[in-house]
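Okay, structure first, notes after.
Please treat every number below as a calculation from the coordinates, not as lab data. Everything numeric here is computed off the predicted structure, so don't read it as measured data. All Cβ positions, even for glycine, are placed from backbone atoms using ideal geometry, and neighbour counts span all protein chains on display.
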Amino acid sequence: MKVISKFKNKFWETKGATIVVVAVVLAVLLGFAALAVDVGYLYGVRNELQNGADGGALAGALVLFNADGSINPNADIEAERIAAANNASGQPIPQIVVERGHWSFATHIFTANNSTTQVQLDERTFEELDVDPNFINAVRVTTSDDNAPSFFARILGYQSFFVRTDATAYIGFAGRLDPHDVDQPIAICEDSIQDGNDAYTCNIGRMINSGSNELNNETGGWTNFDQDIATCQSGTNANEMSGLICGEGNPNEIELGIGVGANGGQIQSSFSDFTDCWLANTDIDDDGKGDKPWNITLLVVECPGNNMDNCSKVVGAVNLNIIWINPQNDPGFDDVPRSMTGVPDKADWSCNDLNGENCWSSFVSHYNIQNVDGSPAPYQQKAIYFLPDCTPHVPMGETGGANFGILAKYPYLVQ
């Protein structure tokens with residue numbers, strides 16, 4: 001009987017210990033359940049906050065720049081508007097902070113800078129701009145909720161949680177030109193339109209056959225927009241030009257930093273077609289002479305010494321005003337401009353002098369069209385003249401790595 005009694009006592013002692021262990025395990029399991037449920041919910045809240053931050057940053061960066069490349073202070077408003085359109089915990093996002101500033105690709109650091117003044121882009125290298133906090137290129141949006149509710153965690157004394165996230169979207173430099181960004185199949189040599197600080201000024205007033213100096217007699221040439229490495233080395237020809245002149249521009253994307261099919265020499269039929277297109281756009285009174293500027297966007301390529309290779313590297317695009325074309329083989333002064341209207345920031349011009357040379361001198365002086373050496377532009381055969389007012393074609397294309405002075409059109413989220 002004593003043995004049975006001892007066994008009973010031992011059983012109840014063991015059972016009591018088991019109850020304690022079970023109670024402790026249940027408490028731990030309850031804690032894990034609370035943790036799993038609340039953490040899972042908080043991850044959902046964080047994802048909602050992240051969606052708001054992502055959308056706001058992208059929306060703000062998309063309108064970060066005005067058409068002239070200056071900073072748009074209303075980018076903050078747009079970023080906050082889009083971020084606020086999202087919910088967290090079933091309610092509008094409680095806290096939204098928007099900052100404009102500089103994103104560095106080298107350090108992966110965002111530096112807030114709400115200045116509305118942008119630095120000069122086309123005079124700086126990518127490396128220089130990347131370390132300059134005054135180069136505004138990004139929008140950061142921070143979203144947070146300091147009262148995200150808890151559920152099972154309340155048992156442990158946690159009534160609510162603080163959840164915060166952010167997103168940064170940046171505008172890089174254009175690595176590509178979209179289809180039809182370029183209007184006509186002519187490429188301009190970069191050197192011929194730059195001033196002493198390498199800024200685009202277009203103070204050289206012609207592109208093809210621009211004077212007698214053999215080192216500078218090709219400030220531009222024809223292009224077929226072909227960037228296939230196997231075919232662009234062969235340049236281009238009249239057959240390829242015929243379908244592009246006065247057409248819809250480049251049919252495909254053009255990648256900056258890669259060569260393009262080109263020809264620096266004269267193509268007689270192409271020049272005639274181009275002249276006809278110019279007159280169709282500028283001859284107001286049907287007298288066979290252009291009477292107003294022709295605003296177009298053209299490729300800019302590398303061609304050291306203004307001598308174009310068959311596969312010259314594309315470095316950008318530029319918008320300019322062609323003001324006159326001389327298609328004549330004879331550079332005499334029988335067919336010179338006699339009137340011009342609609343030139344930006346210039347009074348209308350006309351000449352009734354019977355001496356054509358005097359009219360030409362008056363024309364180039366009035367519109368400041370220069371030769372390679374800075375002297376008034378000569379009346380050169382087979383020459384295209386444009387005003388000294390060109391500007392980089394911005395913004396456009398997708399983000400690339402190098403700085404060609406052209407900002408991209410579409411923003412990217414920092415990963």
- Pairs from LYS382/LYS409; LYS292/LYS313; LYS289/LYS346; LYS289/LYS382 whose Cα-Cα separation, in the structure shown, is over 26 Å: LYS382/LYS409; LYS292/LYS313
- Message: Need the full-extension length gain, SER375 to THR201, defined as separation in residues times 0.36 nm minus the C-alpha distance. One decimal, nm.
- Response: 61.1 nm
- Message: Going by average Cβ density within 10 Å per residue, which order do the peptides 103-115, 374-386 take, highest to lowest?
- Response: 374-386, 103-115
- Task: Given the peptides 90-100, 125-135, arrange them by the average over their residues of other C-beta atoms within 10 Å, most packed first.
- Result: 90-100, 125-135
- In nm, to one decimal, how far is the modelled label at SER272 from the one at GLN120, with both set 7 Å along Cα→Cβ? 4.5
- Message: Between ASN358 and ALA106, what is the label-point separation in nm under the 7 Å Cα-to-beta-carbon projection?
- Response: 6.1
